[in-house]
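Inspection log for the structure reproduced underneath, given as structure tokens.
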Amino acid sequence: MKLINKDTDCAVRAILYIAGNENNLVSTAVLNSEFNISRQFLRKTLHVLQTKKILKSVKGINGGFRLARPAGKISLIDLVRIFQGEVNLNKCFFKKKICVNVKTCPLRREVENIERYVVSRLKAVTIEQLAKKH
């Protein structure tokens with residue numbers, strides 16, 4: 001189980017870098033050299049962030065990316081949901097069928113509590129907070 005996948009990790013690193021350069025546009029080339037991430041993978045990630053209104057892009061020779069909203073308004077849960085979907089630690093399936101004990105299972109209830117806690121923590125952590133620690 002991965003709580004944060006490669007796409008989300010790349011997005012967080014790129015956004016943190018962009019947030020640290022808030023008065024300047026940041027190009028894909030700069031991000032590529034800074035993080036040594038495949039240019040194609042990075043461009044795909046930045047495009048997704050742009051379509052989800054996390055980043056704004058400016059085209060042209062002096063173009064690049066900047067945050068579309070304040071860093072304090074972008075939480076980790078936003079990025080996890082964009083790149084990974086909803087946090088779901090509890091998949092109660094057995095041979096592609098829902099487990100017959102799904103409604104009464106004490107383990108399921110405990111895992112749902114853990115899941116709610118994880119989601120609440122991901123909501124609480126913003127890019128602004130991470131940038132201060134960076």
Inset, instruction - State yes or no: is Leu16 of a type in the set (A, V, I, L, M), assigned to a helix (DSSP H, G or I), touching a residue at least 60 places away in the same chain (Cβ under 8 Å) and closer than 18 Å to Leu130 by Cα? - result: yes
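Take the conditions small (Gly, Ala, Ser) and buried (at least 16 other Cβ atoms within 10 Å of the Cβ) and apply them to Gly72. Does it pass?
On the way: small (Gly, Ala, Ser): yes; buried (at least 16 other Cβ atoms within 10 Å of the Cβ): no.
The answer is no for Gly72.
Residue by residue, here is whether (1) touching a residue at least 60 places away in the same chain (Cβ under 8 Å); (2) within 26 Å of Glu128 (Cβ to Cβ); (3) in contact with a Leu (Cβ under 9 Å, 6 or more places away or on another chain) holds:
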{"residue": "Lys6", "(1), (2), (3)": "no, yes, no"}
{"residue": "Asn23", "(1), (2), (3)": "no, yes, no"}
{"residue": "Thr45", "(1), (2), (3)": "no, yes, no"}
{"residue": "Thr51", "(1), (2), (3)": "no, yes, no"}
{"residue": "Ser57", "(1), (2), (3)": "no, yes, yes"}
{"residue": "Ile61", "(1), (2), (3)": "no, no, no"}
{"residue": "Phe65", "(1), (2), (3)": "no, yes, yes"}
{"residue": "Arg69", "(1), (2), (3)": "no, yes, no"}
Inset, instruction - Kindly establish whether Leu67 is over 19 Å from Val125 (Cβ atoms) and among the hydrophobic types (A, V, I, L, M, F, W, C). - result: no
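Name the one entry in Arg39, Arg81 that is farther than 24 Å from Leu3 by Cβ and among the charged types (D, E, K, R).
On the way: Arg81 fails: farther than 24 Å from Leu3 by Cβ.
After applying the criteria, what remains is Arg39.
Select the helices (runs of 4 or more DSSP H) contained entirely in the range 32-134, then report the ones holding at least 1 residues which are at pLDDT 95 or above and small (Gly, Ala, Ser). Before the answer, list the steps.
On the way: elements: 39-51, 76-84, 106-124, 127-133.
It comes to 106-124.
The values are calculated or read from the model by the stated rules, or taken from the named source; none is laboratory data. Remember, it's a predicted structure, so these values are computed and weren't measured experimentally. Here Cβ is always computed from backbone atoms with ideal geometry, including for glycine, and neighbour counts include all displayed protein chains.
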